[in-house]
Amino acid sequence: MTTTGRQHRRPVGELLRRWRDRRRLSQLELALESGISARHLSFVENGRSAPSRETVLRLAEELDLPLRERNDLLLAAGYAPVYSEASLDSPEMASVRAAVRQVLRGHEPYPAVAVDRGWNLVDANSGVALLTEGVAEELLAPPANVLRASLHPDGMAPRISNVGEWRAHLLGRLRRQVALTADPALSRLLTELRAYPGGGSEPEVEVPGPGDIVVPLRLRDGGRELSFFSTVTTFGTPLDVTVSELAIESFFPADPETASVLRERPGRGFASGTGGGGRRP
């Protein structure tokens, strides 16, 4: 779900003021950073002046808005969007699909998933099978949401030995994404995940314990515990909304035993649900 339908009917000044408030910037601060006068910004926010397209884009840049929200501002100001939004299964996105698949395959036998802005699965490699073992089929069916599959009582949660810590980590990431995008669909997902049992609420400030470097994912696998850390990869210079919202999360073994297990066992994983060249591992 996009925010465009809800937001572009509001005046551009109101949207700018809301985004400025979310970023906790004064009119003077935003004006100085954007290189426009505070008086002009005040007039724009109050509806007394219409901003040029260049001014809208400059303000959106300083407000660090995602590309989707920049298009929303342009629509609200009466301009056409400047950032394309191609479907991931369209012919022009073939090179993007190929790049995602190359990264995923190159990470095997270690798990990796590609997700969209809503954390819906785009693609996954064969290594994900170890993570999804025992997860209910309905949570893996398209459109599979990786956060729901991770934290749902019928998902990975019963196998995660540090579920409280991992849950806090994932909900903290989602909370920050909601703050960045103001996406109502993400906000609803956050509310849903917070209601799942077994982990308590996520802390407002994450304080690492002694010796902690990263938040690990500790997964029960039979009588042993496997340990992972993860990294997130995005496209560095996207000019398309869909591409800007893609992310690849790659899991690495945190110890030799986990690495050995991953090298030795294939299996099943998610069923890709967004049509982005994905496959069922």
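Tell me yes or no: at least one residue of region 44-52 is farther than 29 Å from THR234 by Cα and in contact with a Phe, Trp or Tyr (Cβ under 6 Å, 6 or more places away or on another chain).
Of all residues in region 44-52, those farther than 29 Å from THR234 by Cα come to 44-52.
Cutting the leftovers down to in contact with a Phe, Trp or Tyr (Cβ under 6 Å, 6 or more places away or on another chain) gives us 49.
Within region 44-52 (the criterion being farther than 29 Å from THR234 by Cα and in contact with a Phe, Trp or Tyr (Cβ under 6 Å, 6 or more places away or on another chain)), the answer is yes, since at least one residue qualifies.
Given the condition part of a loop (DSSP other than H, G, I, E, B) and touching a residue at least 40 places away in the same chain (Cβ under 8 Å), answer yes or no: does some residue in region 89-96 qualify?
First, pick out the residues of region 89-96 that are part of a loop (DSSP other than H, G, I, E, B): 89-90.
Subset that is touching a residue at least 40 places away in the same chain (Cβ under 8 Å): 89.
Yes, because at least one residue in region 89-96 is part of a loop (DSSP other than H, G, I, E, B) and touching a residue at least 40 places away in the same chain (Cβ under 8 Å).
Between a residue in region 108-130 that is of a type in the set (Phe, Trp, Tyr) and any residue that is part of a loop (DSSP other than H, G, I, E, B), which pairs come within a Cβ distance under 9 Å, given they are 6 or more apart or on different chains?
Cβ pairs passing all conditions: TYR110/ASN125; TYR110/GLY127.
I'm checking my understanding of the structure. Among residues of region 131-175 that are outside any helix (DSSP H, G or I) and of a type in the set (Asp, Glu), which one is surrounded by the most Cβ atoms within 10 Å (Cβ to Cβ)? Don't jump to the end; show me each part of the working.
Initially, region 131-175 is screened for residues outside any helix (DSSP H, G or I), giving 133-136, 141-145, 152-156, 160-162.
Adding the requirement that they be of a type in the set (Asp, Glu) leaves 133, 154.
Numbers: GLU133: 16, ASP154: 14.
Among them, the one singled out is GLU133.
Give the residues of region 113-167 that are under 22 Å from THR181 (Cα atoms) and either touching a Cys at 6+ places or on another chain (Cβ under 8 Å) or of a type in the set (Ser, Thr, Tyr) (or both), sorted by residue number.
The answer is none; no residue qualifies.
Of all residues in region 176-201 being of a type in the set (A, V, I, L, M, F, W, C) and in a helix (DSSP H, G or I), which is nearest to THR132 (Cα to Cα)? Outline the logic, then answer.
Taking region 176-201 as the starting set, the residues that turn out to be of a type in the set (A, V, I, L, M, F, W, C) are 178-180, 182, 185-186, 189-190, 193, 195.
Next, from what is left, pick out any that are in a helix (DSSP H, G or I): 178-180, 185-186, 189-190, 193.
On the way: VAL178: 26, ALA179: 29, LEU180: 29, ALA185: 24, LEU186: 23, LEU189: 20, LEU190: 21, LEU193: 18 Å.
Among them, the one singled out is LEU193.
If you take the residues in region 82-130 that are closer than 23 Å to ASP154 by Cα and of a type in the set (Val, Ile, Thr), which one is surrounded by the most Cβ atoms within 10 Å (Cβ to Cβ)?
VAL113
Laboratory data are not the source of any read-out in this text; all were calculated from the coordinates shown. All of these numbers come straight from a predicted model, not from anything done at the bench. Here the Cβ is made from the backbone with ideal geometry for all residues, glycine too, and neighbour counts use every protein chain on show.
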